[in-house]
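Peer 1: One structure, as structure tokens, below. Some questions next.
The values are calculated or read from the model by the stated rules, or taken from the named source; none is laboratory data. This structure is a prediction, so every number in the text was calculated from the model and none was measured. When we count neighbours, we look across all protein chains shown, and the Cβ atoms used for this are built from the backbone with ideal geometry, even at glycine. To get the accessible areas, we keep the full protein, side chains included, count just its heavy atoms, and leave off ligands, DNA and RNA. Shrake-Rupley method; radii C 1.70, N 1.55, O 1.52, S 1.80 Å.
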Amino acid sequence: IEIYSLHVDCKVTSRFAHTVITSRIINRANESREATFEVELPKTAFITNFSMSIDGEVYPGKIKEKAAAQNEYDTAVSQGQSAGLVKITDRKLEQFHVSVSIAAASKVTFELTYEELLKRQLGKYELLLKVRPKQLVKHFQIDVHIFEPQGIQFLETDSTFMTNELTEALTKVLNETKARISFKPTLDQQKKDSMLGETLLNGDFVVRYDVKREATAGDIQIVNGYFVHYFAPQEMPAFPKNVIFVIDRSGSMTGRKIEQTRDALLKILQDLRPEDHFSFITFNNKVAEWKSSLLPATEENLASAAALVQTLNARGGTDISGALLAAVGMLDKAEGLLENSISMIILLTDGQPTSGERNVEVIQENVQKAINGKYALFCLGFGFDVSYKFLEKMALSNGGIARRIYENADAALQLQGFYQEVATPILMQIEMQYPENSIEGLTKNNFKVFFEGSEIIVSGKISNELDLLPVEIKAQSHTSNLTLKEEANVKEKEQVFQNQRYIFGNFIERLWAYLSIQQLLEKAISAQEEDQKALEAQALDLSLQYSFVTPLTSMVVTKPQQKEELANKPTEAG
């Protein structure tokens, strides 16, 4: 079985990435063989299309509601035949895998399309392409086209498998608003050594970039009556933070996990600013407060905290509830904190609650009642023994986010990276306002905190014939209350994307649908049951209308002889 052509074609228009992967395979044996198509794609992406054509006959994938697809599949297939086609493989990736039997001398073409909105983190966007053909490929090519009307501030490519020879196969062309990256290694360049047929192409191919920002009230783009508004202010003073680190030191954290946690905390301590206040609570079946209150991040206090971190060891049970309630109590009675500061609790745990209150619903309820909207709670789940669902619901119900920390060599870096994302809050209570009677389907437009290096994105449909779209942003900065205003000329904005080769049709409408689905699903996690159903029903409608494989839909992949398989989107919570 020979992959004679593999083409990755990616168009990024205003952060919205549309990737098509085409693999052409021929069976050179004189009997039928299994041809396999395996693609790793970012977890944040939604598959939108898949097809295979065998000797000219096309077998398209159909996207349906999950339950309906499952029923259809169960009737078509005797139980227990094939597993799902998509599984999580890594902290950033999931894998789509399909194989089909093809006759001697036959050819098959597989084509997979997926879309995602690139998220700005730590001041840049990252487009991640996984390259792993597992054999030498005669025609191998990656093409990335980027069009950013705001202008490209910087652009870099990075790869885990580059050699000097392979670098010669890479070309980059960059002007004010566009970039084209092409990677087209010959067979010789792909070889590990000239004798063996092993390939060097195995790993990540990453493009990172950021855009220029001039307008104070952000940037508005409009196509076919849909708008997207990007807002990412820079160079503003940071709010002082009050942070309590709540660290699990139960028996399961022994060994490498507690070592990596110590390493990460020592680095994080160095990143605290002099005006920040902080404290530690460690827990197993007992909850231990390092000090009875938060301390300013002076050199002396940081040194004393570092000494405590060095001695962290792991044994005993897991009283998550007691530890979190102690943290909330400490913030409630804190004195001497700066007015106009932001308070947060960062929980790191690797297990289920086994001591104190064990019922996760009761813990969620008690923690939410205690926090009562005053502080943000971030939950980091270390490894796969945590109940991610529980951590995610608790974080989202209290203005934070959850993140899984993968038990790899870079776990300490994952922890540090997470802290850096929330280290610099520069705006609070951000309201993005648009003319109420002229906008439909507005995505989330109120945000509690804006962290430097990230980006606020709001999208919606301009309902009536507006000539000008006025926007107003209200927010609190550390030094003042801000009001920023901007007016977008609809016709002028529409012109920007006319005659652009890089555009795939109604990309802002698809961006709006993608963002709406993600926000509805996130909102559903912390909603009450009735609301949850309504939110999921809305997300399902959009997933079907725009043909996205989301956690609510399945793609039914048809094969020769009426065989069917299902592609479902896995979630971090399983």
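Peer 1: Using 1/(1 + (r/R0)^6) with R0 = 35 angstrom and r between the beta carbons of THR298 and THR354, what's the FRET efficiency to the nearest 0.05?
Peer 2: 0.45
Peer 1: Based on DSSP H runs of at least 4 residues, each adding -39500 (n - 2.57), what is the mean residue ellipticity at 222 nm of the chain after dividing by all its residues, to the nearest 500 deg cm²/dmol?
Peer 2: Calculated from helices alone, the mean residue ellipticity at 222 nm is -7500 deg cm²/dmol.
Peer 1: Rounded, prolate or oblate: which fits segment 1-126, taking a ≥ b ≥ c as square roots of the Cα gyration tensor eigenvalues, rounded meaning a/c under 1.5, else prolate when a/b beats b/c?
Peer 2: oblate
Peer 1: Going by amide H atoms built from the backbone, whose H comes under 5 Å of the H on ILE342, apart from near neighbours?
Peer 2: HN-HN under 5 Å from ILE342: LYS241, ASN242.
Peer 1: For the full complex of protein chains and a 1.4 angstrom probe, list ARG213, ARG256, ARG33 by accessible area with the highest value first.
Peer 2: Sorted descending by solvent-accessible area, the residues read ARG256, ARG33, ARG213.
Peer 1: Got a sec? What order do PHE451, PHE96 fall in by accessible area at 1.4 Å, biggest, i.e. largest, first?
Peer 2: Largest accessible area first, the residues go PHE451, PHE96.
Peer 1: State the extension gain, in nm to one decimal, for the chain segment bounded by PHE161 and GLN498, taking 0.36 nm per residue of separation less the distance between their alpha-carbons.
Peer 2: Once the chain is fully extended between PHE161 and GLN498, it gains 117.5 nm.
Peer 1: Something else about it: Could you compute how much accessible surface GLU57 exposes when probed at 1.4 Å, giving the result in Å² to the nearest 10?
Peer 2: 100 Å²
Peer 1: Tell me, what is the percent relative contact order of the chain, built from C-alpha pairs under 8 Å that lie six or more residues apart?
Peer 2: 17 percent
Peer 1: I've got another one for you. Quick one: accessible surface of SER252, probe radius 1.4 Å, all protein chains present, in square angstrom to the nearest 10.
Peer 2: 70 Å²
Peer 1: Separation between the ASN408 and GLN433 pseudo-spin-labels, each 7 Å from Cα along Cα→Cβ, expressed in nm?
Peer 2: Label-label distance for ASN408 and GLN433, simple model: 4.5 nm.
Peer 1: Let me ask you something else. Compute the angle between helix 411-422 and the longest alpha-carbon principal axis of the chain, please, reported from 0 to 90 degrees and rounded to the nearest 10.
Peer 2: So the helix axis and the longest Cα principal axis differ by about 70 degrees.
Peer 1: Let me ask something else. About its Cα centre, how strong a charge dipole does segment 241-423 have in debye, to the nearest 20, once Lys and Arg get +1 and Asp and Glu get -1 at the Cβ?
Peer 2: Here the size comes out at about 320 debye.
Peer 1: Specify the angular offset, from 0 to 90 degrees and rounded to the nearest 10, of the alpha carbon long axis of helix 360-371 from the longest principal axis of the alpha carbons in the chain.
Peer 2: Roughly 50 degrees, rounded to the nearest 10.
Peer 1: Can you give me the C-alpha center-to-center distance between segment 249-289 and segment 1-50, rounded to a whole angstrom?
Peer 2: Here the two parts' Cα centres lie 43 Å apart.
Peer 1: A further question on this structure: If a paramagnetic tag sat 7 Å from the Cα of SER194 along the Cα-Cβ line, which residues of segment 137-172 would have the backbone N under 18 Å from that point?
Peer 2: In segment 137-172, the label zone of SER194 (backbone N under 18 Å from the point 7 Å along Cα→Cβ) covers 164-166.
Peer 1: I need the Kirkwood Rh of the chain: take the reciprocal of the average 1/r across all distinct C-alpha pairs and report it in angstrom.
Peer 2: 26.0 Å
Peer 1: On the protein heavy atoms, probe 1.4 angstrom, tell me the percent of accessible surface of the chain carried by carbon and sulfur.
Peer 2: Taking all protein chains in place, the chain shows 46 percent carbon and sulfur surface.
Peer 1: Once phi is turned into ³J(HN,Hα) by the Karplus curve 6.51 cos²θ - 1.76 cosθ + 1.60 with θ = phi - 60°, what whole-Hz value does each residue of segment 203-217 show in order, with x for glycine and proline?
Peer 2: Running phi through 6.51 cos²θ - 1.76 cosθ + 1.60 with θ = phi - 60° gives x, 9, 10, 10, 10, 10, 7, 9, 10, 7, 10, 10, 5, 6, 8 Hz.
Peer 1: Turning to a different aspect of this structure: Using Cα-Cα distances under 8 Å and only pairs 6 or more residues apart, what relative contact order does segment 241-423 have, in percent?
Peer 2: Averaging sequence separation for qualifying contacts and normalising by length gives 24 percent for segment 241-423.
Peer 1: When a/c reaches 1.5 or more, the comparison of a/b and b/c decides; with that in mind, is segment 56-209 rounded, prolate or oblate per its Cα gyration tensor?
Peer 2: Oblate, because a/c is 1.5 or more while a/b does not exceed b/c.
Peer 1: Something else about it: So which GluC sites (Glu not before Pro) in segment 118-215 pass both tests, a DSSP loop state and at most 12 other Cβ atoms within 10 Å of the Cβ?
Peer 2: Sites meeting the loop and neighbour criteria: GLU168, GLU176, GLU214.
Peer 1: Between segment 517-550 and segment 201-217, how many Å separate their Cα centres?
Peer 2: 29 Å
Peer 1: Same structure again: Which of the peptides 512-521, 183-192 is most tightly packed, and how do the rest follow, judged by the mean count of other Cβ atoms within 10 Å per residue?
Peer 2: 512-521, 183-192
Peer 1: Working out 0.36 nm times the residue gap between ARG28 and LEU122, then minus their Cα-Cα distance, what length gain in nm do you get to one decimal?
Peer 2: Roughly 29.0 nm would be gained on extension.
Peer 1: Still on this model: Counting only residues 5 or more places away or on other chains, whose amide H sits under 5 Å from the amide H of ILE401 once H atoms are built in the peptide plane?
Peer 2: Excluding prolines and chain starts, which carry no amide H, the hits are CYS379.
Peer 1: Express in Å², to the nearest 10, the accessible area of LEU122 obtained by rolling a 1.4 Å probe over the protein heavy atoms while all chains stay in place.
Peer 2: For LEU122, solvent-accessible area is about 80 Å².
Peer 1: Rounded to the nearest 10 degrees, what's the angle between the helix 66-76 long axis and the longest principal axis of the chain, both from Cα atoms, 0 to 90?
Peer 2: In the chain, helix 66-76 runs at an angle near 40 degrees to the longest axis.
Peer 1: Relative contact order for segment 471-574: what percent, with Cα pairs under 8 Å and sequence separation of 6 or more?
Peer 2: It comes to 13 percent, rounded to a whole number.
Peer 1: Looking at the square roots a ≥ b ≥ c of the eigenvalues of the Cα gyration tensor of segment 258-404, which shape do they give, rounded for a/c under 1.5, prolate if a/b is larger than b/c, or oblate?
Peer 2: The shape class here is oblate.
Peer 1: Which whole-number value in Å² is the accessible area per residue of the chain, probe 1.4 Å?
Peer 2: Heavy-atom accessible area per residue stands at 45 Å².
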